[in-house]
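Q: I'd like to ask some things about the structure below.
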Amino acid sequence: MKLTLTTLLGAGLLCSALAASAQTTPAPSTEGRPKATPEQREKMREAFRAAREACKDSPDKRGCMTQQMCSKASDPAKCQERTKERHARMSRHMDERQAAHEACTGKRGDELMKCLGEQHKKHHHPTEKKG
């Protein structure tokens with residue numbers, strides 16, 4: 001009985017220590033950006049719906065959506081620039097992904113995953129030296 005009580009007490013202390021440790025872990029930073037309130041999110045959704053409706057027949061939907069969304073921004077020029085940078089990053093990412101998959105053509109399973117990992121390191125960590 002004494003052994004069971006000691007074991008349960010030890011397990012309880014361990015669990016409480018782990019819980020306290022987990023609670024002290026800092027939350028991920030949002031880089032100073034406050035979360036949008038429900039009202040702000042609804043306003044953004046409405047703006048997006050209106051822009052999508054305005055651009056539904058446009059041949060250049062991305063450009064039209066950017067124009068529509070940025071025209072309502074507090075600083076339209078800054079909005080256009082951020083959007084342009086985001087599109088450039090997305091395009092560069094897709095190009096790198098395409099190149100990695102082309103380099104790993106014909107590989108399957110673990111071999112494919114290893115190859116893609118090597119391609120990722122090559123593109124994102126080119127200055128690292130293998131030790």
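No lab work stands behind these numbers, since they all come straight from the coordinates. Here the structure is a predicted model, which means the values were calculated and not measured. Quick reminder, even Gly has a Cβ in these numbers, built from the backbone with ideal geometry, and neighbours come from all protein chains shown.
Q: Counting residues in the range 43-115 as N, plug N into 2.2 N^0.38 Å and put the Cα Rg over that result.
A: Details: Rg = 18.0 Å, N = 73, 2.2 N^0.38 = 11.2 Å.
Relative to the rule-of-thumb radius for its length, the range 43-115 sits at 1.61.
Q: Can you list the trypsin sites (Lys or Arg not before Pro) in the range 51-99 that are in a DSSP coil and have 11 or fewer other beta carbons within 10 angstrom?
A: Lys56
Q: Taking Lys78 as the anchor, which aspartates and glutamates have their alpha carbon closer than 19 Å to its alpha carbon, excluding any fewer than eight residues away along the same chain?
A: Filter leaves Glu31.
Q: What is the range 53-131's relative contact order, in percent, from Cα pairs under 8 angstrom and six or more apart in sequence? Working shown, then result.
A: On the way: 22 pairs, mean separation 12.3, N = 79.
Over the range 53-131, the number comes to 16 percent.
Q: Quick one: net charge around Arg89, please, counting Lys, Arg +1 and Asp, Glu -1 for every other residue with C-beta under 12 Å from its C-beta.
A: Net charge in that neighbourhood comes out at +1.
Q: Ranked by Cβ crowding within 10 angstrom, fewest neighbours first, how are Ser91, Ser74, Ser58 ordered?
A: Ser74, Ser91, Ser58
Q: Something else now. Counting Lys and Arg as +1 and Asp and Glu as -1, what is the net charge of the other residues whose Cβ lies under 15 Å from the Cβ of Glu39?
A: +2
Q: Please order His125, His101 by the number of other Cβ within 10 Å, starting at the fewest.
A: The most exposed by this proxy come first: His125, His101.
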